[in-house]
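No lab work stands behind these numbers, since they all come straight from the coordinates. Note that the structure is predicted; figures quoted are calculated from it, not measured. Here the Cβ is made from the backbone with ideal geometry for all residues, glycine too, and neighbour counts use every protein chain on show.
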């Protein structure tokens, strides 16, 4: 059984103006005390065909984490048009947390 279960990811400030930061409210549960930090990343998926175009927008360490239910808001700059310039399409915004 997993030590951490992601219970919910809510996209905040949606819809929002183009230049606003991305905001995700993440709720997770730890089944036992975790003395080490958990690393969370927001990754822009540039192509479903290859990880070559994936771009880590930000990462954060959370911890140590006691057993129980927890929530935090992960905010990251959208980067404006510059992060999408190389991929040739700006209409879809797939992310991996």
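In what sequence do 53, 44 fall when counting other Cβ within 10 Å, fewest first? Before the final figure, lay out each step's value.
On the way: 53 13, 44 20.
Least crowded to most crowded, the residues run 53, 44.
With r as the distance between the Cβ atoms of residue 1 and residue 25 and R0 = 30 Å, compute the FRET efficiency 1/(1 + (r/R0)^6) and round to 0.05. Intermediate results must be reported in sequence, preceding the final value.
Values: r = 25 Å, r/R0 = 0.83.
Here the calculated transfer efficiency is 0.75.
A Förster radius of 25 Å, combined with the Cβ-Cβ distance separating residue 10 from residue 61, puts the computed FRET efficiency at roughly 0.70.
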